[in-house]
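*Asks:* Just dropping this structure here.
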Amino acid sequence: MPSATLPRARALLAFALLASLGLAAGCGGSSKAEPVTGPSLTPATAQASLEGPDEFLKRLLGYGYAGEHGRMWNELHPAVKALVARERFVECASLYQSPVELVSIETIEVSDEPIDAPGIPEKTTKTVALSLTVAIPGQAPFSVVSTLHVFLVDGRWAWIPKSGAFEAYREGRCPTQEDEEAAGPDGGASD
């Protein structure tokens, strides 16, 4: 590989590994959650009622690119939290940190889709297609499109790792690029 394309290839690998760590989740409903009123309004339900699934994913990706992996873990689906401790998740995610800067994120499409994710009881996902523009120091920014999934769980948006990463966590190890490739193009959770 020519040396000029090596940093871009590393950035794409870092992007793919960040995506494989879990940017998939599921939820039903409209592209904006309906406002929640009454005594059941909690900080979590208030957040979901004000934040659409695409805004949630933009915030989550911002955490990932900023190296705030503990904050990413906080937003995981409860079934995944039961598989991987916060400290282990942060350790695994930190392995793939790179100097890639997230320049912008644009929503392309938000839709409902059926999903069958291992260990996840919800069967409908909110599918969000995003265009991410990223930059590598010293190079021109470039864009990639990623389709991610989120679920509305107990009044808040939650995400799950791609199926390959989910299996790696279930086996007690950190996800790798090979886990993502083994999961296939959709990976059961995102591309």
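*Asks:* Work out, step by step, the length gained on full extension between residue 59 and residue 109: first 0.36 nm times the residue separation, then minus their alpha carbon distance; give nm to one decimal. Walk me through the intermediate numbers first.
*Replies:* Values: separation 50, 0.36 × 50 = 18.00 nm, distance 1.66 nm.
Answer, rounded to one decimal: 16.3 nm.
*Asks:* Size of the dipole of region 90-151 about the Cα centre, Lys and Arg at +1 and Asp and Glu at -1 on the beta carbon, nothing else charged, in debye to 20?
*Replies:* On the way: 2 positive and 8 negative charges, 18 e Å.
Roughly 80 debye, rounded to the nearest 20.
*Asks:* Relative to the compact globular guide of 2.2 N^0.38 Å, what is the alpha carbon radius of gyration of region 129-182, as a ratio? All intermediate terms of the calculation are to be shown ahead of the outcome.
*Replies:* On the way: Rg = 15.0 Å, N = 54, 2.2 N^0.38 = 10.0 Å.
Relative to the rule-of-thumb radius for its length, region 129-182 sits at 1.50.
*Asks:* What list of ³J(HN,Hα) couplings, whole Hz, do you get for region 78-87 from phi and the Karplus terms 6.51, -1.76, 1.60, once you set θ to phi - 60° and write x for glycine and proline?
*Replies:* Residue by residue, region 78-87 yields x, 5, 7, 4, 5, 8, 10, 5, 4, 4 Hz.
*Asks:* Which value in nm describes the separation of the simple spin-label points at residue 124 and residue 144, placed 7 Å from the Cα toward the beta carbon?
*Replies:* Label-label distance for residue 124 and residue 144, simple model: 3.1 nm.
*Asks:* Quickly rank 128-138, 74-84, 142-152, 105-115 as a protection proxy: mean count of other C-beta atoms within 10 Å, highest first. Show your work: numbers first, answer last.
*Replies:* Working: 128-138: 16.6, 74-84: 18.5, 142-152: 20.5, 105-115: 14.6.
Top to bottom by mean Cβ count within 10 Å: 142-152, 74-84, 128-138, 105-115.
*Asks:* If you look at just the Cα atoms of region 59-191, how large are its Rg and its Dmax in Å?
*Replies:* For region 59-191, the Cα-based Rg and Dmax read 14.6, 45 Å.
*Asks:* Taking 0.36 nm per residue of separation and subtracting the Cα-Cα distance, what length does fully extending residue 154 through residue 71 add?
*Replies:* On the way: separation 83, 0.36 × 83 = 29.88 nm, distance 1.82 nm.
Taking 0.36 nm per residue and subtracting the Cα distance, the gain is 28.1 nm.
FYI, it's all coordinate maths here, none of it is from the lab. Source: prediction; values computed, not measured. Note that we place each Cβ from the backbone using ideal geometry, even for glycine, and neighbour counts take in every protein chain shown.
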